[in-house]
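Below is one structure, written out as structure tokens; the observations come after it.
The values are calculated or read from the model by the stated rules, or taken from the named source; none is laboratory data. Predicted model only: the values in this text are computed from it and were never measured. Cβ sites come from the backbone with ideal geometry, for glycine too, and all protein chains shown count toward neighbours. We work out accessible area using only protein heavy atoms, side chains counted, and drop any ligands, DNA or RNA first. Shrake-Rupley method; radii C 1.70, N 1.55, O 1.52, S 1.80 Å.
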Amino acid sequence: MAFGPFLFLALLEGTVMAAVLALTAIGLSLVFGVMRVVNVAHGEFFMLGAVTAWFVTHYLPFPPAIGWLAALLIAPLVVGAIAWLADVFVLKRLKYDPEATIVATIGLLYILQQTALTFYGPDARPVEPPFNLRLQFPWFGYSGYKLFVVLAAGLILLGVWAFMTRTKAGLVMRATQVDMETARAFGINVDRVYAGTFALGAALAAAAAVLIVPIQQAHYLMGHDPLLLSFIVVIIGGLGSLRGTLVAALIIGLSDGVISMFFSPTLAKIIATLLVALVLVFRPQGLFGAKT
Amino acid sequence: MAALMEAKGLTRHFGGLRAVDGVDFRLQQGEIHALIGPNGAGKTTFVSLLSGRIPVQSGTITLADEDITRLPAHARVKKGIAYTFQITSVYPRLTVFDNVALAAQSAGALGLEAQVAAALAQVNLAGFGGELAGNLSYGHQRLLEVAMGLALKPRILILDEPTQGLAAGEIEGFKTLVRSLVPATTVLLIEHNMDVVMDLATQITVLNFGKVLATGAPDAIRSNPEVQNAYLGGGDDAEG
Amino acid sequence: MSLSAKPLALHLGLIAVLFAAQFMLPSYHATNVSRIMVLSVFAMGYNIAFGYTGLLSLGHALFFAAGMYGMGLPIWTLGWAPVPALIAGLVAGGALAGLVGLLALRTAGVSFMIVTLMFAQAGYLTLLYLNTHTGGDEGFVVDSAARMIAGFDLSTDTPRYMAALILFAIAMLICLWLVRSPFGRVMVAMRENEERSRMLGYNPFRVKLTALVISGLYAGMAGAAYGMLFGYVGATFATIQYSILPMLYVLLGGAGTVIGPFLGALLMFYLIDIASGYTTAYLFVVGAALVVLVLFAPKGILGTIRERGLKWLP
């Protein structure tokens with residue numbers, strides 16, 4: 001294959017990756033922005049989303065398309081509920097102390113991951129895509145479902161944006177983000193906002209996982225990479241900035257796709273992790289955030 | 001006489017607020033120099049510039065003719081400028097001994113135990129060494145703060161509202177203590193209690209809106225009409 | 001006088017008990033305790049940074065692995081003798097901690113945690129990436145000829161136990177001395193209130209960097225000893241899990257106590273060991289322990305005991 005088509009393929013793969021990454025990272029970013037909590041267990045919510053999708057499609061007697069749709073509804077709800085409980089029983093009791101919550105979410109990471117190992121097992125299992133469509137380009141064929149993933153992720157992100165800017169709940173969340181004390185003084189139930197934000201962040205990760213699971217199998221250790229990449233995206237985009245997160249997801253997703261195609265994926269990750277460390281040291285507001 | 005410490009054109013603005021605005025200031029060896037002015041006059045910001053807690057925007061600071069404007073705070077402490085905090089800032093979870101020892105060992109002298117004992121005795125806290133600093137009464141914590149300043153063996157001791165929260169008897173003891181420090185140590189004092197100021201100070205500088213309104217001996221300051229107008233007779237919380 | 005005699009007696013007593021234990025423990029448990037002693041040295045180093053200086057690092061696996069590879073690679077590729085190799089491991093741990101510290105200590109709190117995490121992750125990936133030089137995922141076995149020191153074969157039970165005990169004893173006594181020294185006081189002051197300490201004339205960056213390098217030396221030495229005593233060097237030891245474990249040991253035993261890391265390592269090691277007999281998901285206990293500790297006993301076992309009465313506990 002010539003260089004041009006090869007690059008085109010890399011960009012396609014990168015776009016799919018960027019879309020899923022944006023969805024995952026926006027959840028992490030939302031949680032950090034509103035609650036100032038660095039959620040190390042975010043990748044496990046992603047994994048739980050994929051695993052739940054497998055359970056749903058495997059045990060419900062629906063055809064693949066309906067089963068997958070059911071998973072897209074059920075997995076975020078289940079994972080969001082788990083996150084809600086984690087917030088109420090753990091994070092809230094720590095009074096959201098930044099360092100203590102990191103330690104606690106590390107604990108949560110192991111608990112969720114090992115629970116999945118117990119009930120789901122160590123095997124990677126596939127979920128059937130809702131439809132099989134192959135798009136034929138002049139140089140290669142490409143999965144139509146992958147492009148559908150990009151579309152779906154975009155729609156969900158649009159939904160998140162509308163929720164944050166157009167609904168009362170979104171307004172309340174943004175008010176809490178700006179000033180928690182004042183929000184409380186105005187009668188906002190901050191506890192519920194926090195629990196809801198944590199659940200929403202987890203649900204977005206789960207939704208991203210349901211999108212990706214027909215392409216990539218469900219496995220109890222699959223949360224590691226999305227966690228690392230979301231961290232990278234959120235930090236480079238500027239902690240807590242949703243717009244920055246989107247831009248960074250696009251850049252990291254595309255460049256990761258391209259670099260991984262032409263060089264080693266490991267090298268791409270080394271560069272990305274070092275970049276994150278250096279950004280935090282020298283430009284803590286993120287590459288795209290404005291200095292305040 | 002050459003000043004021990006001198007500031008020229010010292011400026012620090014916070015956004016639109018001119019907290020310190022072109023202040024010239026001289027501190028002579030061995031004096032007790034009081035810094036007074038209404039709330040928000042820029043006193044704490046000014047001494048924070050001197051001690052290096054806040055970086056200077058423009059102007060210069062010299063200590064015994066050496067330019068220290070760009071020196072970080074900890075290096076200024078090593079050069080002999082000690083700052084005691086306005087809001088008591090001891091280490092509550094460490095013992096009184098450890099609190100003072102941290103200051104004494106920073107000054108680097110030998111015989112840590114003796115140094116600590118001496119500093120505690122100076123502020124009448126002898127025998128409190130084993131207590132957790134957080135368990136002391138507020139007044140005692142203020143004195144501990146002063147003892148930490150003393151244990152640094154400073155050339156200039158900056159005291160930010162040291163008598164706030166002290167009982168009347170403790171204030172008398174404090175005045176005796178400050179008098180005993182000079183002339184070996186030079187004292188720069190921010191103080192709201194006018195009786196303490198008039199009683200102790202050999203020199204007074206009045207700040208208002210970030211600028212020097214007047215500077216001089218206590219009697220001159222007392223009779224300065226501008227000062228009376230802006231501050232002493234202003235009827236605000238000058239006696240607070 | 002009694003104030004400093006009691007702690008010394010306690011720590012020497014622990015060393016004596018561990019010395020006696022090797023004659024009573026069956027081989028399986030003796031090997032476990034050897035591992036625990038070496039891992040305690042790692043945790044002691046972590047404690048110097050986290051427990052005493054307040055630097056919550058998520059990247060100490062990097063320094064442990066630096067020690068392990070710093071020891072193992074010269075033996076593997078250059079045929080070094082064991083003693084210089086161990087020293088190389090020690091130095092590698094300290095040097096890498098210094099390097100990371102120079103950058104990471106420009107941040108604090110959550111950022112510091114993430115920066116150290118990212119550096120450690122980059123280090124782990126680098127080990128994988130350079131697999132032709134490092135053995136990659138599979139790692140390599142340390143040549144048994146290079147595990148002989150002064151005629152003692154460190155791959156056999158008794159010399160291995162004694163070597164681990166000597167290392168543990170030296171590390172603990174140095175730690176005890178350090179935290180009771182003037183510098184130890186400054187480390188604690190930095191943890192308690194950095195701004196106040198600055199106004200007492202201490203350069204926060206320099207104090208924290210020094211503490212981190214000491215911490216890295218401990219981690220490096222522990223990594224080197226672990227590779228030497230148990231004969232294997234591998235990238236697993238550079239994973240995030242090996243940054244979490246010392247944190248867990250310290251949290252469990254009691255941050256800011258000298259014996260805490262050992263106590264935590266001992267309990268956690270056996271907890272994991274027992275759990276792994278029942279389920280493959282034995283790491284569940286790691287997660288559960290972290291959550292329970294941070295919720296209900298943030299001071300750990302010895303920290304709580306110290307608060308409730310034994311004030312002299314260092």
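Can you tell me which residue among A:Phe282, A:Phe262 is of a type in the set (Phe, Trp, Tyr), open to solvent by 20 Å² or more (accessible area, probe 1.4 Å) and more than 14 Å from every other protein chain (Cβ to nearest Cβ)? Spell out how you get there, then give the answer.
On the way: A:Phe282 fails: more than 14 Å from every other protein chain (Cβ to nearest Cβ).
Going through A:Phe282, A:Phe262 in turn, just one is of a type in the set (Phe, Trp, Tyr), open to solvent by 20 Å² or more (accessible area, probe 1.4 Å) and more than 14 Å from every other protein chain (Cβ to nearest Cβ): A:Phe262.
Quick grid of which residues meet (1) assigned to a strand (DSSP E or B); (2) open to solvent by 40 Å² or more (accessible area, probe 1.4 Å); (3) in contact (Cβ under 8 Å) with a residue 60 or more places away in the chain:
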| residue | (1), (2), (3) |
| --- | --- |
| C:Phe205 | no, yes, yes |
| C:Leu209 | no, no, yes |
| C:Leu217 | no, yes, yes |
| C:Gly223 | no, no, yes |
| C:Tyr226 | no, no, yes |
| C:Leu248 | no, no, no |
| C:Leu266 | no, yes, yes |
| C:Leu271 | no, yes, no |
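Could you tell me which of the residues B:Leu150, B:Leu188, B:Leu157 is in contact with a strand residue (DSSP E or B) (Cβ under 9 Å, 6 or more places away or on another chain), under 19 Å from B:Val116 (Cα atoms) and in a strand (DSSP E or B)? Quick ask: steps written out before the conclusion?
Details: B:Leu150 fails: in a strand (DSSP E or B); B:Leu188 fails: under 19 Å from B:Val116 (Cα atoms).
Going through B:Leu150, B:Leu188, B:Leu157 in turn, just one is in contact with a strand residue (DSSP E or B) (Cβ under 9 Å, 6 or more places away or on another chain), under 19 Å from B:Val116 (Cα atoms) and in a strand (DSSP E or B): B:Leu157.
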Among the listed residues C:Leu18, C:Leu86, which satisfies the condition of being at pLDDT below 95 and either open to solvent by 10 Å² or more (accessible area, probe 1.4 Å) or in contact with a helix residue (DSSP H, G or I) (Cβ under 9 Å, 6 or more places away or on another chain) (or both)? C:Leu18
Counted residues, the range A:244-268 - those being at pLDDT below 85, in a helix (DSSP H, G or I) and not hydrophobic (A, V, I, L, M, F, W, C): 5
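Here is a yes/no grid of residues against (1) modelled with pLDDT of 90 or more; (2) open to solvent by 30 Å² or more (accessible area, probe 1.4 Å):
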residue: B:Pro92; (1), (2): yes, yes
residue: B:Asn99; (1), (2): yes, no
residue: B:Leu120; (1), (2): yes, no
residue: B:Asn124; (1), (2): no, yes
residue: B:Ala133; (1), (2): yes, no
residue: B:Glu161; (1), (2): no, no
residue: B:Leu166; (1), (2): no, no
Would you point out which residue out of A:Ala25, A:Ala104 is buried (at least 19 other Cβ atoms within 10 Å of the Cβ), within 13 Å of chain C (Cβ to nearest Cβ) and within 30 Å of A:Ala175 (Cα to Cα)? A:Ala104
Checking the conditions here, which among A:Thr105, A:Thr115 is polar (S, T, N, Q), touching a residue at least 12 places away in the same chain (Cβ under 8 Å) and under 22 Å from A:Ala199 (Cβ atoms)? A:Thr105
Within the range B:201-213, identify whether any single residue is over 18 Å from the mean Cα position of the chain (by Cα), open to solvent by 10 Å² or more (accessible area, probe 1.4 Å) and assigned by TED's automatic domain parsing to the domain that holds B:Ala121, and answer yes or no. no
Selected residue (criterion: farthest from the other protein chains (Cβ to nearest Cβ)) from residues of the range C:124-143 that are free of Cβ contacts under 8 Å to residues at least 40 places away in the same chain and part of a helix (DSSP H, G or I): C:Thr132
Any residue at all in the range C:106-114 that is at pLDDT below 90, under 15 Å from A:Thr266 (Cα atoms) and more than 9 Å from every other protein chain (Cβ to nearest Cβ)? no
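Which of the residues spanning the range C:184-196 are in a helix (DSSP H, G or I) and facing chain B (nearest Cβ under 9 Å)?
First, pick out the residues of the range C:184-196 that are in a helix (DSSP H, G or I): C:184-192, C:194-196.
Result: C:Arg185, C:Val186, C:Val188, C:Ala189, C:Glu192, C:Glu195, C:Arg196.
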Those residues that are without any contact (Cβ under 8 Å) to a residue 60 or more places away in the chain and either assigned to a helix (DSSP H, G or I) or among the hydrophobic types (A, V, I, L, M, F, W, C) (or both), I need them from the range C:15-55; list them, please. C:Ala16, C:Val17, C:Ala20, C:Ala21, C:Phe23, C:Met24, C:Leu25, C:Tyr28, C:His29
Tally, over the range C:19-61, of residues that are of a type outside the set (S, T, N, Q) and either away from every other protein chain (no Cβ under 14 Å) or on the phi > 0 side of the Ramachandran plot (or both): 23
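Restricting to the range A:107-148, and then to whatever is assigned to a strand (DSSP E or B) and of a type outside the set (Ser, Thr, Tyr), can you tell me which residue is nearest to the other protein chains (Cβ to nearest Cβ)? Don't jump to the end; show me each part of the working.
Initially, the range A:107-148 is screened for residues assigned to a strand (DSSP E or B), giving A:125, A:134-136, A:141-143.
Still in the running and of a type outside the set (Ser, Thr, Tyr): A:125, A:134-136, A:141.
Numbers: A:Arg125: 17, A:Arg134: 34, A:Leu135: 34, A:Gln136: 36, A:Gly141: 32 Å.
Among those residues, the one meeting the criterion is A:Arg125.
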By residue number, the members of the range C:277-314 that are more than 18 Å from A:Leu109 (Cα to Cα) and small (Gly, Ala, Ser) are C:Gly277, C:Ala297, C:Gly300, C:Gly303, C:Gly309
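From the list A:Tyr96, A:Tyr59, exactly one residue is more than 11 Å from chain C (Cβ to nearest Cβ), modelled with pLDDT under 95, open to solvent by 20 Å² or more (accessible area, probe 1.4 Å) and over 30 Å from C:Val115 (Cα atoms). Which is it?
Numbers: A:Tyr96 fails: over 30 Å from C:Val115 (Cα atoms).
One residue alone meets the criteria, A:Tyr59.
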Residues located in the range B:56-78, provided they are touching a residue at least 24 places away in the same chain (Cβ under 8 Å) and within 14 Å of chain C (Cβ to nearest Cβ): B:Arg76, B:Val77, B:Lys78
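Within the range A:84-93, can you find the residues that are surrounded by fewer than 18 Cβ atoms within 10 Å (Cβ to Cβ) and either at the interface with chain C (Cβ under 7 Å from one of its Cβ atoms) or of a type outside the set (D, E, K, R) (or both)? Give the derivation first.
Step one: filter the range A:84-93 for residues surrounded by fewer than 18 Cβ atoms within 10 Å (Cβ to Cβ), giving A:85, A:88-89, A:92-93.
Within the range A:84-93, A:Leu85, A:Val88, A:Phe89, A:Arg93 qualify.
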Which pairs turn up if I take residues in the range B:156-170 that are at positive phi and look for partners that are part of a loop (DSSP other than H, G, I, E, B) and not acidic (Asp, Glu) with beta carbon separation below 8 Å, at least 6 apart in sequence or on another chain? B:Glu161/B:Gln86; B:Glu161/B:His192
Contacts under 9 angstrom Cβ, first residue in the range C:278-306 being within 8 Å of chain A (Cβ to nearest Cβ) and surrounded by fewer than 19 Cβ atoms within 10 Å (Cβ to Cβ), partner of a type in the set (Lys, Arg) and part of a helix (DSSP H, G or I), 6 or more apart: C:Leu295/A:Arg93
Counting only residues that are open to solvent by 20 Å² or more (accessible area, probe 1.4 Å) and part of a helix (DSSP H, G or I), the range C:89-120 contains a total of 13
